[in-house]
Amino acid sequence: VLWCSFTYNSLVAAFCRAGRMLEAERVFRRMQTEHCPPDVCTFCTLLTGYASAGEIEEAERVGERMKKAKLAPTLSYYNALLDMYSSVGRAKDALAVKDEAERNNLELDVVGYTTLVKLYCSLGELSEAKEIVETMKSLPEVHPGLRAYVLLLDAYGKRGEVENAAGVFEALLADGLRPNVQVYTALIDAYSRAGRIEDAERILREMKSRRVRPNVQTYTVLIQGYIHTHRLPKALETLDRMEESGVKPNTYTFRVLLKAAVKSGSVEDTQIIYRAMRRNGIEPDLFYDRLS
């Protein structure tokens, strides 16, 4: 029975997602013997599979094999390479991929540029990340989306540069983008880390007024802000507000609270947290064993 390229590529993709690269390669070889030559999609899938498995050199060899097959690289191929090099922090190689794409008359799309933003943020090179965002804004067909702004805002916040984080927020508003829960959470986190809890609470009120529903991460970063400023009672009040709004705390939320309660030596607060854990289906005794 002759299989079509779609069927073969689907099978290659399934094996790659499962990390079963030997089986993926067997399907690849069968494509060649069944007179159904692998296409760019096949090679991109293999490349991504090896990259996900951490086999970077093997993934690079896939690119060489594709070129030997005389297949012209596509934007999807370059995006796969960018994502791979970004995941391992190889900025020089990522920029080389961008340059090669441009030599082949392929301009990176929003996915590719956002991957570069992610790379520079992960390396702590925020001026470079900001420059990439500005480049995106200058290109008519590649405008930064919320993902690029969230990456930059979050990176500034985690580095303690709260004014720069707020500046990113204002920039995305000026670009006509509507902040989502990830944007607001990153900004609340930035203010919370800086000890500016009143500003964090202001942003929480703003997001609610704009009908953006806070999630567990939103409340948890606010709780961390209160703990960071040595206000455990306010953190516990925030836990109550969280539950009252219908947002269920997760194990990380309770880990943060319980560590603070143990550190403060407050038996009463620890008991309050234990009761909240039980309300949310988490067994305190088993949880406490993993606290450290």
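The values are calculated or read from the model by the stated rules, or taken from the named source; none is laboratory data. As the structure is a prediction and not an experimental result, all values here were calculated from the model. Every residue, glycine among them, receives a Cβ derived from its backbone with ideal geometry; neighbour counts consider all protein chains shown. Just so you know, the surface numbers come from the protein's heavy atoms only, side chains and all, with ligands and any DNA or RNA stripped out. Shrake-Rupley method; radii C 1.70, N 1.55, O 1.52, S 1.80 Å.
Remarks
Each row is one residue, and each column tells you yes or no for (1) among the aromatic types (Phe, Trp, Tyr); (2) modelled with pLDDT under 95; (3) over 20 Å from the mean Cα position of the chain (by Cα); (4) over 18 Å from residue 115 (Cα atoms).
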| residue | (1), (2), (3), (4) |
| --- | --- |
| 61 | no, no, yes, yes |
| 70 | no, yes, yes, yes |
| 78 | yes, no, no, no |
| 91 | no, yes, no, no |
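- Of the helices (runs of 4 or more DSSP H) lying entirely inside segment 101-203, those carrying at least 2 residues that are among the β-branched types (Val, Ile, Thr) and touching a residue at least 12 places away in the same chain (Cβ under 8 Å) are 110-123, 126-138, 162-174, 181-193.
- Scanning segment 70-80 for residues that are out of contact with any Leu (no Cβ under 7 Å at 6 or more places or on another chain), open to solvent by less than 80 Å² (accessible area, probe 1.4 Å) and either in a loop (DSSP other than H, G, I, E, B) or not hydroxyl-bearing (Ser, Thr, Tyr) (or both) turns up 71, 72, 73, 74, 79.
- Note on segment 234-253: residues that are farther than 23 Å from residue 195 by Cβ and either of a type in the set (Ser, Thr, Tyr) or open to solvent by less than 10 Å² (accessible area, probe 1.4 Å) (or both) total 2.
- Test: residue in segment 226-234 that is of a type in the set (Ser, Thr, Tyr) and touching a Ser or Thr at 6+ places or on another chain (Cβ under 8 Å): yes
- Counting only helices (runs of 4 or more DSSP H) that sit wholly inside segment 1-69, those with at least 1 residues that are within 24 Å of residue 87 (Cβ to Cβ) and of a type in the set (Lys, Arg) are 5-17, 56-68.
- Residue in segment 228-237 that is outside any helix (DSSP H, G or I), out of contact with any His (no Cβ under 8 Å at 6 or more places or on another chain) and closer than 26 Å to residue 178 by Cβ present: no
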